[in-house]
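Have a look at the structure below, then the notes.
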Amino acid sequence: MIVVNPGPLRTEIDHDHGRGAPGIGFERDEAVFRLARTNLSIMGLGIDLIQGSYDHGLRTLGDVGTGLLIVFVAPPWGDALSEESGLDLRRTAPPVTEVIDATTGVLGQQKLLFALQVYQTTEPGSLAEVTARFPWSVMKAYDINAAGQNHGLLLATRGWAVS
């Protein structure tokens with residue numbers, strides 16, 4: 001999970017790392033953490049990646065300001081993706097709804113824009129459980145791979161709505 005604020009993100013975590021980054025991310029898996037940290041550094045995005053769980057990281061955030069926060073959620077899919085039913089957002093590790101609920105539990109007073117990694121075919125019941133948590137959402141698959149094998153994003157708002 002990565003939280004991005006267009007302005008400086010002021011957090012206790014940033015204080016520990018000695019800088020105010022425009023974004024902060026959490027990754028539990030050590031190998032993924034090392035690769036992601038290297039990639040973020042190469043891209044020069046200024047996202048401070050912390051090794052640890054998103055739920056612990058969220059609880060340690062300090063003042064994140066009052067602006068819009070962009071929350072990118074892409075938990076490991078594991079066996080949540082099947083050829084028959086597509087991606088089941090209830091079976092990711094952790095389940096997408098759990099990440100949304102934990103994030104809104106901590107940052108619920110903020111204006112939030114969630115960007116959730118999805119698959120071209122997403123199990124309808126799991127998608128309905130996710131979108132029910134938001135006043136506005138839209139899903140877009142990107143035609144990069146063969147039909148039926150494309151990734152996409154579900155954009156959703158909390159604390160505001162697209163008009």
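Overview of results
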item: Number of positions in region 131-163 that are aliphatic (A, V, I, L, M) and under 16 Å from GLY108 (Cα atoms); result: 3
item: Test: residue in region 54-75 that is farther than 19 Å from PRO22 by Cβ and assigned by TED's automatic domain parsing to the domain that holds ALA161; result: yes
item: Selection from region 39-68 of residues that are polar (S, T, N, Q), surrounded by fewer than 14 Cβ atoms within 10 Å (Cβ to Cβ) and at pLDDT 90 or above; result: ASN39
item: Some residue of region 124-134 being under 20 Å from GLU27 (Cβ atoms), out of contact with any Pro (no Cβ under 6 Å at 6 or more places or on another chain) and not assigned by TED's automatic domain parsing to the domain that holds ALA36; result: no
item: Contacts under 7 angstrom Cβ, first residue in region 47-63 being free of Cβ contacts under 8 Å to residues at least 40 places away in the same chain and closer than 9 Å to PHE26 by Cα, partner of a type in the set (Asp, Glu) and surrounded by fewer than 15 Cβ atoms within 10 Å (Cβ to Cβ), 6 or more apart; result: GLN51/GLU30
item: Test set (1) more than 24 Å from GLY23 (Cα to Cα); (2) under 16 Å from the mean Cα position of the chain (by Cα) - PRO95 fails condition number; result: (1)
item: Restricting region 134-163 to residues that are over 15 Å from the mean Cα position of the chain (by Cα) and charged (D, E, K, R), the residue that is modelled with the highest pLDDT; result: LYS140
item: Verdict on LEU89 being part of a loop (DSSP other than H, G, I, E, B), buried (at least 16 other Cβ atoms within 10 Å of the Cβ) and not basic (Lys, Arg); result: yes
item: Flag for GLY78 being free of Cβ contacts under 8 Å to residues at least 60 places away in the same chain, at positive phi and surrounded by fewer than 16 Cβ atoms within 10 Å (Cβ to Cβ); result: yes
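The values are calculated or read from the model by the stated rules, or taken from the named source; none is laboratory data. These figures come from a predicted structure and were not determined experimentally. Heads up, the Cβs are rebuilt from the backbone with ideal geometry, glycines too, and the neighbour counts pull from every protein chain shown.
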